[in-house]
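To start, the structure under review is shown below, and the notes come after it.
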Amino acid sequence: MKDDVVYRLLDEVDYEFARHGPPEWYPDVPRIPAARYTDQDFFDLEQQAFRKCWVTVGTVHELPEVGSYKVVDRWNGAAVFVVRGEDQQIRAFWNACAHRGGPVVESRHGACGVAERFRCAIHSWTYSLDGELAGVPGRRDFHENLDRCASALRSVRCEVWRGFIFVNLDLQAPSLLDWLGPIAEEATWFDGLRVAGTDSFVLNCNWKLAIEANIEVYHVTTVHPDTVAQTLDYRGSAEELYQGGHSRMIVPSKGYDSQQVRKEADQDPLDALMGNTNVSYLMFPNHLTPGGGRRDRGYSLTLQSFWPISPNQTLSEWSIMAPDWGDGPVPEHFAKSVKGFSQIMHEDTEYLETVQKAIESGATDGMLTSYHERRVYHHEASIDRLIGIENVPEHLRIPQILPIADANENAAGSR
Ligand code: FES
Ligand SMILES: [Fe+2]
């Protein structure tokens, strides 16, 4: 993150602490229609749109050598796997044989290993690490003109950014850097992080309820009085909305002292920000990255991912991402973070499932969002843009009225 961005964010935190109401430019946004969290047809539209999104499925540390692979089953359909090729490039393929669709690796999510070749479980066609057809048992029974090119494994778009492996099921998708927009350059501390621990559970609520509970900190004093509220002061939180559905939130630590932080910033701007606030992106549509720390110990973050299962079921998954610690065991303070974060996620669970039931019962017309909660509205509005506004039933549409900063807009407190 560049120094001028850090200073702008410190200005924004001061602005947020001092303001007495929403800024004048902020529109009075309507409620988010409740049926967006329950409607099966709308969920199906979202699922189609999800297939056009870049999502992260791991880091390069998980594929350390040629032939290392990892299976990813997160799209309510066939699994995909990522693999490091002989040229060191990481590629992604559908786990579906070109003969008659059999699995060429185990389909269980997270299955991993090292392979020299992939062999289909049904008739043993084999594939090289770059997906090319390598062997066909009983070759004599096929015509001589068996097209080897058309019989390669079907590719999935795969790109690596700062060590994070992203895939996109849409072959026509923009590049990952275009997709990430300003985050790509800004989030320098993502470089080289690896998984120190991970946990997950299935939540009985819509995926948007789950993620939207994590992109505002208004609720922390009530829901997390003994955990998050002990460390963060939501009154100074500063949000920014990006094109493409992404957003950023900076939440100052409890006892934040602006003058002291600015003194620290004179020495090391990024360290002052990371050491005195929690910095989190929403990488649209389903990842959050709350993090912080100090340069001497290394910055870390929690990668939260929310995977839709059905209109009222979501897989919530999180990994503590830490600086590379070498060959030994995970450093204790990072290992402890997994447990701590799991507790926080469980604190949210009960009320999210209750809210889902309230929506399903017709007990609420929809979600009201304040200025501070504008990332929630932005998330919903961005989903409509992804689906194509004309494809969203009129009664479910989100009016596109929020001003969104572009990469060059730097006025403190403006967005
Ligand atoms: S389906 Fe894979 S070899 Fe037949
Ligand atoms: Fe929460």
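The values are calculated or read from the model by the stated rules, or taken from the named source; none is laboratory data. On a predicted model such as this, the values are computed, not experimentally measured, just so you know. Virtual Cβ from ideal backbone geometry, glycine too; neighbours counted across all protein chains shown. All accessible areas refer to the heavy atoms of the entire protein, side chains included, with ligands and DNA or RNA removed. Shrake-Rupley method; radii C 1.70, N 1.55, O 1.52, S 1.80 Å.
Points worth noting:
- Residue that is nearest to ligand 1 (Cβ to nearest atom) [pool: residues in the range 99-109 that are surrounded by 13 or more Cβ atoms within 10 Å (Cβ to Cβ) and under 31 Å from the mean Cα position of the chain (by Cα)]: Gly102
- Qualifying residue in the range 364-383 (condition: in the same structural domain as Ile215 (by TED's automatic domain parsing), more than 23 Å from Gln400 (Cβ to Cβ) and among the aromatic types (Phe, Trp, Tyr)): no
- Just so you know, in the range 110-126 the residues that are part of a strand (DSSP E or B) and within 14 Å of ligand 1 (Cβ to nearest atom) include one that is surrounded by the most Cβ atoms within 10 Å (Cβ to Cβ), and it is Phe118.
- The listed residue being in contact with a helix residue (DSSP H, G or I) (Cβ under 9 Å, 6 or more places away or on another chain), open to solvent by 50 Å² or more (accessible area, probe 1.4 Å) and polar (S, T, N, Q), out of Asn286, Asn278, Asn312: Asn312
- Subset of the range 44-59 [among the hydrophobic types (A, V, I, L, M, F, W, C) and more than 18 Å from Gln304 (Cα to Cα)]: Leu45, Ala49
- Of all residues in the range 333-358, those that are assigned by TED's automatic domain parsing to the domain that holds Leu303 and open to solvent by 20 Å² or more (accessible area, probe 1.4 Å) have Cβ atoms under 7 Å from Cβ atoms of residues that are part of a helix (DSSP H, G or I) and among the β-branched types (Val, Ile, Thr), 6 or more apart or on another chain, in Ile344/Val228; Glu347/Val223; Tyr351/Val223.
- Note on the range 69-97: residues that are away from ligand 1 (no atom under 16 Å from the Cβ) and open to solvent by 10 Å² or more (accessible area, probe 1.4 Å) amount to 14.
- Answer residue from the range 222-260, given it is within 16 Å of ligand 2 (Cβ to nearest atom), among the hydroxyl-bearing types (Ser, Thr, Tyr) and closer than 28 Å to Pro403 by Cβ and is modelled with the lowest pLDDT among those: Tyr234
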